[in-house]
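Have a look at the structure below, then the notes.
Where a number appears in this text, it was derived from the coordinates with a stated rule and is not lab data. In this text, all values refer to a predicted model and were calculated from it rather than measured experimentally. Here the Cβ positions follow ideal geometry from the backbone for every residue, glycine too, while neighbour counts run over all protein chains shown.
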């Protein structure tokens, strides 16, 4: 069965072109051996879930521990109600564990009669006590939870930490977009925790890095080996330059090219095919790119993105906020110093997203600044702009928060 470039959900080696899933998290096994609690955070579609699923399977198959990936995302629908959130989460865990682990390693019983705020801890304690091997738990989508539901689950994990490994998971990894301090919580007038407590037992926060240039080449080479269709060195280099190794973008460019633009496998993929795919992705604004708009509306995101786009100094912005934008994948640190938009594709997408409302408000304008030969008349252009701005400038500024 032919494989393909994946842009939705975890990668599966039998279906998708993919790199070794844990190669970008080389220190995790050491942390687990040391019975550590830790955080793995990275932007969406960078391979977090794929890596954790592979690592959990690897650990369980080694026979030294029982490891599984679970998710708390279903609880986010019940954030205001801790009891309902816990029950939804435990139900989802029961379903996932029944599929991902053999029956002899699954919990013998599930405890639901405990008071709200104790059920997660009670079930993990009972499960760990029944096992003859250490239990390793990876909790995905942790930052989808908010407020008291989030705080309660973090505190239950912290309370059980001291009785590990015989009576509680020996190692726990929280998987999400953000580090712990940026988890959303409505308390004390803040929209986030601003601290590692109530999960101050974490040993490390690890960011899943992007692909490097050689990894992009290796991923594309897998397609060549299976189909015979090559990518020129310039094509691979261009793909890396445009994406800076962001995994979703790397896969999306290749998928657009080989499945839509160049279906004939005898034709080599060139730099110009990659550039054409880039324009299609930007114009189409797929879900991954469209989700950037939601982040750009956040007040502390705007405080940093706006001066970067307009070439101004960042001024009095906190290092915490700047790191937050790096963690979200919107920005990266230039090796020569300073912050910049994470990659050239985002650099084109962000302004287009920001001006959509303004563009939709524009009146129809005929190009009176062109000569009969179709050349630019600079004086006519300036006059037309001044006339337009006097009439429409102030209302248009009111349609965007990024002036």
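Mind giving me the nanometre distance, one decimal, between the label points for residue 381 and residue 319, set 7 Å out from Cα along Cα→Cβ?
About 4.5 nm separates the two model spin labels.
Between residue 147 and residue 110, how high is the FRET efficiency from 1/(1 + (r/R0)^6) when r is the Cβ-Cβ distance and R₀ = 25 Å? Nearest 0.05.
Details: r = 25 Å, r/R0 = 1.00.
The pair residue 147/residue 110 has a calculated efficiency of 0.50.
Taking 0.36 nm per intervening residue step and subtracting the Cα-Cα distance, what contour gain separates residue 373 from residue 284 on full extension? Walk me through the intermediate numbers first.
Values: separation 89, 0.36 × 89 = 32.04 nm, distance 3.31 nm.
Taking residue 373 through residue 284 to full extension adds about 28.7 nm, to one decimal.
Which number do you get for Rg(Cα) / (2.2 N^0.38 Å) in the stretch 362-403? Write down the numbers at each step before the final one.
Details: Rg = 12.6 Å, N = 42, 2.2 N^0.38 = 9.1 Å.
For the stretch 362-403, the normalised Cα radius of gyration comes out at 1.38.
Would you please classify the overall shape of the stretch 260-378 from the alpha carbon gyration tensor, given that a ≥ b ≥ c denote the square roots of the eigenvalues, rounded means a/c under 1.5, and beyond that prolate means a/b larger than b/c while oblate covers the rest?
Working: a/c = 1.99, a/b = 1.23, b/c = 1.62.
Because a/c hits 1.5 or more and a/b fails to exceed b/c, the stretch 260-378 counts as oblate.
In nm, to one decimal, how far is the modelled label at residue 226 from the one at residue 267, with both set 7 Å along Cα→Cβ?
2.1 nm
Counting other C-beta atoms within 10 Å, which of 340, 52, 1 has the fewest, and how do the rest follow?
Numbers: 340 14, 52 25, 1 5.
Going from least to most buried by this count: 1, 340, 52.
Would you list 227, 236 from fewest to most Cβ contacts within 10 Å?
Values: 227 13, 236 24.
With the sparsest Cβ surroundings first, the list reads 227, 236.
Highest first, please rank the peptides 81-93, 39-51, 203-215 by the mean number of other Cβ atoms sitting within 10 Å of their residues.
On the way: 81-93: 19.3, 39-51: 22.5, 203-215: 16.6.
My ranking of the peptides, most packed first, is 39-51, 81-93, 203-215.
Going by how many other Cβ atoms sit within 10 Å of their own, how do 127, 110, 389 line up, fewest first? Walk me through the numbers before you get to the answer.
On the way: 127 23, 110 16, 389 11.
Fewest-to-most Cβ neighbours within 10 Å comes out as 389, 110, 127.
Full extension from residue 218 to residue 22: what is 0.36 nm times the residue separation minus their Cα-Cα distance, to one decimal in nm? Could the numbers behind the result be given before it?
Details: separation 196, 0.36 × 196 = 70.56 nm, distance 1.55 nm.
Contour length minus Cα-Cα distance gives 69.0 nm.
Would you please put 55-65, 319-329 in order of how densely packed they are, using the mean number of other Cβ atoms within 10 angstrom per residue and starting with the highest?
Values: 55-65: 15.8, 319-329: 17.5.
Listed from highest to lowest mean packing, they are 319-329, 55-65.
Can you bin the stretch 291-354 into rounded, prolate or oblate? Criterion: square roots of the alpha carbon gyration tensor eigenvalues sorted a ≥ b ≥ c, rounded for a/c under 1.5, prolate for a/b above b/c, oblate for the rest.
Judged from the Cα gyration tensor, the stretch 291-354 comes out rounded (a/c under 1.5).
Mind listing P(r) for the stretch 213-284? All alpha-carbon pairs, 10 Å bins, whole percents.
In whole percents, the pair-distance histogram is 22, 63, 15, 0.
When the chain is modelled as a GNM with alpha-carbon springs shorter than 10 Å, which of 173, 393, 357 fluctuates the most?
Of the options given, 393 has the highest mean-square fluctuation.
Can you pull the Kirkwood radius for the chain, inverse mean 1/r over Cα pairs, to one decimal in Å?
Numbers: mean 1/r = 0.0418 Å⁻¹.
Across the chain, the inverse of the average 1/r is 23.9 Å.
Based on the Cβ-Cβ distance of residue 73 and residue 362, what FRET efficiency does E = 1/(1 + (r/R0)^6) give at R0 = 30 Å, to the nearest 0.05? Before the final figure, lay out each step's value.
On the way: r = 39 Å, r/R0 = 1.31.
After rounding to 0.05, the efficiency reads 0.15.
Can you list the residues of the stretch 296-322 with backbone N under 16 Å from a point 7 Å past the Cα of residue 334, pointing along Cα to Cβ?
Counting backbone N atoms under 16 Å from the label point, the list is 305-315.
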